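First up is the structure itself, then whatever we jot down about it.
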Amino acid sequence: MQSSSLFKGTPTIKIVDNRGLTVKEIDYHRHPASPNITNERITRLQYNTRGLLIKSIDPRLYEQQKNDPTIKANFYYHVSLTSMVLATNSIDASGALLLNIDAKKVTDVG
């Protein structure tokens with residue numbers, strides 16, 4: 001059984017921009033094998049000018065991206081002028097194309 005002290009001092013912090021949108025999520029983690037070491041994991045989120053999420057990158061890929069700028073974010077979201085998600089692209093999974101007619105979801109492709 002894990003001690004509750006393993007989780008003590010491991011908050012989750014959200015950083016918001018002036019629009020109230022979360023631009024960073026900071027999580028602190030400890031592993032039972034090394035309870036004296038606390039790791040900081042930062043997820044970064046990017047929005048377009050209308051405040052719609054267009055990109056997110058997890059801590060693992062962000063660390064790689066610092067040394068290799070060709071590393072892409074985990075998720076990309078393509079939205080319509082009416083704010084509907086038209087397509088998503090995931091580095092870890094696959095992309096999904098959503099076909100919409102008159103704001104009604106018709107089908108998922110991918």
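Only the coordinates and a few stated rules stand behind these numbers; no lab work does. Given the structure is predicted, the values throughout are model-derived calculations rather than measurements. No Cβ is skipped: glycine too gets one built from the backbone with ideal geometry, and neighbour counts run over all protein chains shown.
Given labels modelled 7 Å from the Cα in the Cβ direction, how far is it in nm from Thr70 to Thr82? Here the answer is 4.0 nm between the modelled labels.
The trypsin sites (Lys or Arg not before Pro) of region 17-85 meeting both criteria, a DSSP state outside H, G, I, E and B (loop) and at most 16 other C-beta atoms within 10 angstrom of the site's C-beta, are Arg19, Arg50, Lys72. Database remark: amide H of Ile54 closer than 5 angstrom to the amide H of Gln46, Tyr47, Asn48 (H placed geometrically; neighbours at sequence offset of 5 or more, or on other chains; Pro and chain starts carry no H).
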